[in-house]
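Structure first, then comments.
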Amino acid sequence: MKYIVIFSFLLIGGCAVSPQTSFIPTIERIKLSIVPIVCAEIKPGGTAAEIKSIEGSGFIIADDGTFLTADHVLSQMENAKRTTPCPLAALYLPQGGWRLDAPRFQIDFFLFAPKDCTRSKEIDLAACKSPRQFKSGTVMPAVFDSSIQADGTPIAFTGFPLNYTVPLSSIGTVSGYMTVIDERGPREIIMDKAAWPGASGSPIYLRDGKVVGILVLRGIGDGSGRAIGRPSRFIQEFLTSAKEKKNPSEK
């Protein structure tokens, strides 16, 4: 009987530390990093703006107004053949943060110019900066982890798919990494979790909140049920290269 009691305790303990449960506090922290990428329009009088559409997701990498998203999110905003033109590119943050008990909230808009972003179509990344700085203490810039994660590692991503004005989170696992001929390592992280349209640009993160990639592609057809991200190693190299181009003396 003694051994049966111990075995039952281990089973209960295993349920208590499930990935779904352990990610809850991490998701709440990551919400301080994420932003929706939107098309906005200035209301008559020029004193306020309104959301026309939510085009994708992004996340903050510095509190000076700098954020990261997928390059194709910006490309679709610039597309002259859009059914509905995109008057202004912007992101927004809720005053007081993303709260479950606040179905209505006041938001602050941060305009930016896609043409001024540092962009790479090759790896589908874009680093942008709003002229407005984020208010200190209201955001949490992302912290990267460039290590390769073992297959089966629990991961999550949070963004603004399907024109949702509030963030949605998904929890899955690492299926593996796509190996291609590249001295910098595998270029794609494959996740055992489906992603909806609009989630592109979402951070992919571990239970400790560190970002291991950015969502750039969702699986379709036979690949539905999967999502694909760009590993953080490429993000960090991209950001370092962009900084060196702006400040050659710092090499």
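The values are calculated or read from the model by the stated rules, or taken from the named source; none is laboratory data. Predicted model only: the values in this text are computed from it and were never measured. Note that each Cβ is placed from the backbone with ideal geometry, even for glycine, and that neighbours are counted across all protein chains shown.
Worth pointing out:
- Number of positions in the stretch 150-194 that are hydrophobic (A, V, I, L, M, F, W, C) and within 21 Å of S22 (Cα to Cα): 9
- Every condition in (1) assigned to a loop (DSSP other than H, G, I, E, B); (2) modelled with pLDDT under 95 holds for L111 except the one numbered (1).
The rows are residues; the columns are (1) touching a strand residue (DSSP E or B) at 6+ places or on another chain (Cβ under 8 Å); (2) buried (at least 18 other Cβ atoms within 10 Å of the Cβ).
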residue: T165; (1), (2): yes, no
residue: L168; (1), (2): yes, no
residue: R187; (1), (2): yes, yes
residue: G201; (1), (2): yes, yes
residue: L206; (1), (2): yes, yes
residue: V211; (1), (2): yes, yes
residue: I214; (1), (2): yes, yes
residue: D222; (1), (2): no, no
residue: A227; (1), (2): yes, yes
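- Yes/no for F105 being modelled with pLDDT of 95 or more and either under 26 Å from I30 (Cβ atoms) or acidic (D, E) (or both): no
- Filtered residues of the stretch 174-200 (kept if in contact with an Asp or Glu (Cβ under 9 Å, 6 or more places away or on another chain) and in contact (Cβ under 8 Å) with a residue 60 or more places away in the chain): G198, S200
- Of the strands (runs of 3 or more DSSP E) lying entirely inside the stretch 31-76, those containing at least 1 residues that are within 17 Å of Q95 (Cα to Cα), at pLDDT below 95 and touching a strand residue (DSSP E or B) at 6+ places or on another chain (Cβ under 9 Å) are 49-62.
- Breaking point among (1) modelled with pLDDT of 95 or more; (2) surrounded by fewer than 16 Cβ atoms within 10 Å (Cβ to Cβ), for T179: (1)
- The residues listed here are I61, I30, I51; of these, the one that is over 23 Å from K121 (Cβ atoms), crowded, with 16+ Cβ neighbours inside 10 Å and out of contact with any Asp or Glu (no Cβ under 9 Å at 6 or more places or on another chain) is I30.
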